[in-house]
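Student: Let me begin by handing over the structure; questions about it come next.
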Amino acid sequence: MTYAIIGIAFVLLVVFAVLAARNTWHWVNSVFLVLTFIVGVGAAVKTSEVYQERTADMKEAMAAKNRAETNEAAAREAVYGPDAVNYGPESLRGRTEELNLELAGRGRVWEHGQVAVKGNNRVFKFPVARPAAEGVGAMQDIKLYAFMDGPVPLKDGSGTVSSPVSFIGTVSVAGETPDSVELEPVFLANEAEFTKPSATWTLFEKMPSDRNDAFHRVEGLDVKDEAFDISSYRTKLMTQYMPASLFGMAPDSPEYEKLIDSYAFDGLTRGQWENWIEANRATRINPRFEPPPEEVFVEFKFDKKSGAYQVDADGNLQNDGLFTPLGHAVRIDLHVGAPGTVTFDKGETVLVDQLNADGYQRGDGSVVEPFDQREDVTRGNEIYVRRKRDYPYLLSDLKQLTARFVEETKQITNDNQVKEQVNIHTEEQITERVDIIAGLEKDKASLENDLKVAEDARQKFQADWDEMQKRIAALEKQVAEQHAELQKSGKVTNTSTKK
């Protein structure tokens, strides 16, 4: 429409300019007027276009500014969380902090490597070759912890992800290239997988630490939730995470049931686990679950502000570890800062181990009073907290026990060999003795026979002797009688002589 009006005005201007040139104007004036009109119209059109573009650009700039402010606010909320004072748990900083806590002390990890057999060793191939800057030889002779990968369901049920699920053993790097490392066995917990690899492996520079909420986090469970199903959780433990065959135990043994109890009741109150045991008494092997006092914590609520408790300590990580025997933190990033103590305000809640909660007597005779006599608190629930296992220490201790067992086995084997030789000599002596005894028995039998013959002969001789004595006596009597008769008849004189 605008261009039509401009066109009509231009036609009228040309007509009037031609008429004016015919009468009073010079043609130069008419041409100048027409050119001026054209330039003015062009300038007006261009100015209008510039205005329209500027208006559009200003609207776009305003919209972009609004979007930028919105995005900046969203970015700030994503990074810092909705709370301006503290990092929100869903914020980037919050999640980064949580991730840092998760990875604290984790060391390097090499994930999802293909494994090939090479004699008694295994070759672990990295999914992506290591960069040249890392250098070859950086891993030589270091000890690693090998885990077998397996599918782990995602919490949202959208599928699975490959993750370490089973400990294979401790290995040492016997050789390396940018693409792979050769692993030599040091201690094997899963010899079947090491002998015949069936899945990808993940290597940890440090053994993953034990956690009380490990299985809870995988299953997305909260033991404080009233809907927490102990029976269902126990079934998961026994069938998926901790089957009896993994420990070499019988599924119906009291020891296995106690092991499952220690994980199933972790984080539960005494009332929760005792009520469950009572409800399932018919299927139970152990009638009760009695954890040690060190694993039972009592909940206390402060009725007024507490005293100061020392939590920081100066020391050496290599000599003292992360914490001193009294539980004071040695590591700097675990310190609360000056003055190294903490206090609890009224209404705050703490968990105290049962030993300190109930009080006890030290070895030197001094008495530690119950906690509710040391602080103005209200006693609450008793909660079972499974004592975490120090896997590297257990493996090292097991290795030492294994070495000691091997040494003792060698000693016992040597002793057995000596005893076997002694037994052989003893058996030979017994055999020789039996032969001697048999010979002696034979000689004895012969002597007994000879004795019997001699006895029989003696008896016969005795009988003959007795008979002869009788005959002699009879003859002497006859001789005496005849002698007496002869004397009477005077035929002989008394000439008897004594011999």
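Student: In the stretch 307-385, how does Rg compare with the Kirkwood Rh, expressed as the Rg/Rh ratio over alpha carbon atoms?
Tutor: Working: Rg = 14.8 Å, Rh = 14.7 Å.
Rg divided by Rh gives 1.01.
Student: Just to be sure I understand the model, the point goes 7 Å from the Cα along the line to the Cβ. What's the resulting Glu294 to Asp225 distance in nm?
Tutor: Inter-label distance under the simple model: 3.3 nm.
Student: Amide H neighbours of Val311 under 5 Å, counting only residues 5+ apart in sequence or on other chains, H built in-plane at 1.01 Å?
Tutor: For Val311, whose amide H was placed from the backbone, the distant partners under 5 Å are Thr341, Val342.
Student: Can I ask one more? In whole percent, and with a 1.4 Å probe on the protein chains, what portion of the accessible area of the stretch 149-209 is carbon and sulfur?
Tutor: Working: 1580 of 3000 Å².
Of all accessible area on the stretch 149-209, carbon and sulfur atoms account for 53 percent.
Student: Now, a different point. Report the Cα-based extents of the stretch 199-346 along its three principal axes, largest first, to the nearest Å.
Tutor: The Cα atoms of the stretch 199-346 stretch 54, 49, 27 Å along the principal axes, largest first.
Student: What is the packing order of peptides 201-208, 263-270, 418-425, taking the mean over residues of other C-beta atoms within 10 Å and listing the highest first? Please list the in-between numbers first.
Tutor: On the way: 201-208: 19.1, 263-270: 20.6, 418-425: 10.5.
My ranking of the peptides, most packed first, is 263-270, 201-208, 418-425.
Student: Moving on to the next point. Grab the alpha carbons of the stretch 284-335, take their convex hull, and tell me the volume per residue in Å³. Please report the intermediate quantities before stating the final value.
Tutor: Working: hull volume 8.8 nm³, N = 52.
Per residue, the Cα convex hull of the stretch 284-335 comes to 170 Å³.
Student: Sticking with this one: At 1.306 mPa s and 10 °C, plugging the Kirkwood radius over alpha-carbon pairs of the stretch 261-348 into Stokes-Einstein gives what diffusion coefficient in µm²/s? Show your work: numbers first, answer last.
Tutor: Values: Rh = 16.6 Å.
D = 96 µm²/s.
Student: Further question on the same structure: Taking the highest mean first, how do the peptides 225-237, 110-122, 277-289 order by number of other beta carbon atoms within 10 angstrom per residue?
Tutor: Numbers: 225-237: 13.4, 110-122: 15.2, 277-289: 11.6.
Highest to lowest by the protection proxy: 110-122, 225-237, 277-289.
Student: What figure, in Å² to the nearest 10, do you get for the accessible area of Met148 with a 1.4 Å probe and non-protein molecules left out?
Tutor: Met148 exposes around 40 Å² with every protein chain in place.
Student: Can you pull the percent of the stretch 299-391's accessible area that's carbon plus sulfur, 1.4 Å probe, other chains left in place?
Tutor: On the way: 2970 of 6180 Å².
Reported share for carbon and sulfur atoms: 48 percent.
Student: Taking the Cα-to-Cβ direction at Val367 and at Gln318 and moving 7 Å from each Cα, how far apart do the two end points lie in nm?
Tutor: With each label placed 7 Å out from Cα toward Cβ, I get 4.6 nm.
Student: Report the extension gain between Val34 and Ala61 in nm, rounded to one decimal, defined as 0.36 nm multiplied by the number of residues separating them, less their alpha carbon distance. Don't skip to the end; give the middle numbers.
Tutor: Details: separation 27, 0.36 × 27 = 9.72 nm, distance 3.95 nm.
Answer, rounded to one decimal: 5.8 nm.
Student: In square angstrom, what is the accessible area per residue of the stretch 213-370 with a 1.4 angstrom probe? Intermediate results must be reported in sequence, preceding the final value.
Tutor: Values: 9640 Å² over 158 residues.
Counting only protein heavy atoms, the per-residue value for the stretch 213-370 is 61 Å².
Student: Please state, rounded to one decimal and in Å, the Kirkwood hydrodynamic radius that the stretch 172-280 gives when every pair of distinct Cα atoms enters the mean of 1/r. Spell out each step's value before the answer.
Tutor: Details: mean 1/r = 0.0586 Å⁻¹.
Kirkwood radius, the stretch 172-280: 17.1 Å.
Student: May I ask for the angle, rounded to the nearest 10°, between helix 391-489 and the longest principal axis of the chain, with both axes built from Cα atoms and the value confined to 0 to 90°?
Tutor: So the inclination is approximately 10 degrees.
Student: Over the chain, how many percent of alpha carbon pairs lie in each 20 Å bin up to the one with the longest distance?
Tutor: Binned Cα distances yield the sequence 12, 27, 19, 10, 11, 9, 6, 3, 1, 1, 1, 0, 0.
Student: Obtain the nm distance between the two label points defined at Ala403 and Phe247 by a simple spin-label model: each point lies 7 Å from its Cα along the Cα-to-C-beta direction.
Tutor: Rounded to a tenth, the inter-label distance reads 2.9 nm.
Student: Report, largest value first, the span of the C-alpha coordinates of the stretch 210-257 along each principal axis, in whole Å.
Tutor: 32, 22, 15 Å, listed from the longest principal axis down.
Student: Also, I was wondering about something else. Once Lys and Arg get +1 and Asp and Glu get -1 on their Cβ, which of Gln478, Val453, Ala17 lies farthest toward the positive end of the dipole of the chain?
Tutor: It is Ala17, whose Cα lies furthest towards the positive end.
Student: From the helices alone, meaning DSSP H stretches of at least four residues, give me the mean residue ellipticity at 222 nm for the chain, per-run term -39500 (n - 2.57), in deg cm²/dmol to the nearest 500.
Tutor: Values: 12 runs with 239 residues, N = 499.
Mean residue ellipticity, 222 nm, calculated: -16500 deg cm²/dmol.
Student: Same structure, new question: Could you derive backbone 3J(HN,Hα) for the stretch 123-129 from the dihedral phi with the Karplus parameters 6.51, -1.76 and 1.60 (θ = phi - 60°), listing whole Hz in sequence and x where the residue is Gly or Pro?
Tutor: 9, 9, 9, 5, x, 10, 4
The values are calculated or read from the model by the stated rules, or taken from the named source; none is laboratory data. All figures in this text were calculated on a predicted structure; none of them were measured in a lab. Methodologically, a virtual Cβ is constructed for each residue, glycine included, from the backbone with ideal geometry; neighbour enumeration extends over all protein chains shown. Just the protein is used for accessible areas: all its heavy atoms, side chains included, with ligands, DNA and RNA removed. Shrake-Rupley method; radii C 1.70, N 1.55, O 1.52, S 1.80 Å.
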